[in-house]
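Beneath this line is the structure, given in structure tokens, with notes to follow.
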Amino acid sequence: MSQPSVIIATASYDFTIRFWEAQSASCYRAINYPAVPQRELDEGRNPQNVNKLEISPDKRHLAAACNPYIRLFDINSHHGHVRTFVAHTSNVTAVGFHADGNSMYSGSEDGTVRIWDLRAPNRPEVYERNCLKAYHLDGSVTPINTVVLHPNQIELISGDQDGIIRVWDTRMNSCTIELVPEPDTAIRSLSVMRDGSMLAAANDGGTCYIWNIVRGSQLQAHNRHILKCVLSPDNKYLATASSDKTVKIWNVDSFTLDKVLTGHQRWVWDCAFSVDAKFILTASSDMTARLWSMEEGNELRVYRGHNKAIVCCALNDV
């Protein structure tokens, strides 16, 4: 199977992952029940949802954050499943790759952030690092909602249900910075600028906090939940996707509103920029993913085929 130059993948509550042809908006491949190994389905386990998708830097693999597994799929083969990573004990909410493609990181509602060495497929547990396990007084654990990797490839940044952002030095396996913008308001999404100069954090109160090496600021971006925030690869824009059915594009120099992307009919769960920041892909509960022009702010393509909410998307056009 030849590899397309642009890879678009979505996952839905209909228990499928779909791959889309960018120009025609047609689905050319679907993976059914991707979150659970076939053996467990045969034994009667109910299907599970995929929470997050990430495409590997070499465009060979797609990682799916599930409950409680991370499932790795071959993008270029209809045989699909490559392997399942088992160690998290609850919903996996974040997954991503290091730039060299040799390692993968993840975060979970079990309160841990982990690193996996992909060069050791038979013993990934040897390379895990429990960066975080924060216990409450009643013995419960703070769920991790989002994790991003700093461009230095050394620091992981996590955001949790208690509203705490932690920066972890993976060499020392310790927390070096802790930020609490709004206590007890869950951090839903994090994004780091490509040059490492800015961090954006979106919370359930509709506020997006921004820190850079000079100053910090706050942006009341939406009146409802912000479900995703992403800084553009060209370091010019911040996108915020919300339960108010819109995606807002902000100029990071002044944090003024540049444009509002309207068209989705329900919550917008996820968004991803193209590498040149000329396009943005969005995923919504209205069962569609949409491709937008950043210059005009208009809808270019609508990807239809899922029969339930689309909760995450991935785009790689390098």
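Can you confirm whether Q38 is surrounded by fewer than 20 Cβ atoms within 10 Å (Cβ to Cβ), under 21 Å from the mean Cα position of the chain (by Cα) and either among the polar types (S, T, N, Q) or under 22 Å from F97 (Cβ atoms) (or both)? Against the criterion (surrounded by fewer than 20 Cβ atoms within 10 Å (Cβ to Cβ), under 21 Å from the mean Cα position of the chain (by Cα) and either among the polar types (S, T, N, Q) or under 22 Å from F97 (Cβ atoms) (or both)), Q38 does not qualify. Of all residue pairs spaced 6 or more apart or on separate chains, those with beta-carbon atoms under 8 Å, a first member in the stretch 286-304 that is over 15 Å from V260 (Cα atoms) and a second member that is assigned to a loop (DSSP other than H, G, I, E, B) and open to solvent by 70 Å² or more (accessible area, probe 1.4 Å) are D286/Q265; D286/R266; M287/N307; M287/K308; R301/Q23; R304/M287.
Can you find a residue in the stretch 196-207 that is modelled with pLDDT under 90, surrounded by 13 or more Cβ atoms within 10 Å (Cβ to Cβ) and in a strand (DSSP E or B)? I'd like the intermediate steps shown before the answer.
Here is the first cut: in the stretch 196-207, the ones modelled with pLDDT under 90 are none.
Checking the stretch 196-207: not a single residue is modelled with pLDDT under 90, surrounded by 13 or more Cβ atoms within 10 Å (Cβ to Cβ) and in a strand (DSSP E or B).
Within the stretch 223-257, the only residue that satisfies the criterion of being open to solvent by 10 Å² or more (accessible area, probe 1.4 Å) and among the small types (G, A, S) is S254. For the stretch 152-193, the tally of residues that are assigned to a strand (DSSP E or B), closer than 17 Å to T93 by Cα and open to solvent by less than 50 Å² (accessible area, probe 1.4 Å) stands at 11.
This table checks each residue for (1) in a loop (DSSP other than H, G, I, E, B); (2) over 16 Å from the mean Cα position of the chain (by Cα).
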residue	(1), (2)
D14	yes, yes
Q23	yes, yes
N46	yes, yes
V50	yes, no
L53	no, no
D58	yes, yes
A64	no, no
V82	no, yes
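For the stretch 96-126, the candidate set comprises residues that are surrounded by 15 or more Cβ atoms within 10 Å (Cβ to Cβ) and more than 30 Å from P233 (Cα to Cα); within that set, the residue that is modelled with the highest pLDDT is D110. When we screen D317, D286 for residues that are surrounded by fewer than 22 Cβ atoms within 10 Å (Cβ to Cβ), under 21 Å from T10 (Cα atoms) and at pLDDT below 95, the only hit is D317.
Here K278 meets the list (1) surrounded by fewer than 21 Cβ atoms within 10 Å (Cβ to Cβ); (2) farther than 22 Å from I75 by Cβ; (3) within 17 Å of the chain's Cα centre (by Cα) almost entirely, failing just condition (3).
The values are calculated or read from the model by the stated rules, or taken from the named source; none is laboratory data. The model shown is predicted, which means the values in this text are computed figures rather than measured ones. Note that each Cβ is placed from the backbone with ideal geometry, even for glycine, and that neighbours are counted across all protein chains shown. Only protein heavy atoms, including side chains, enter the accessible area calculation; ligands, DNA and RNA are left aside. Shrake-Rupley method; radii C 1.70, N 1.55, O 1.52, S 1.80 Å.
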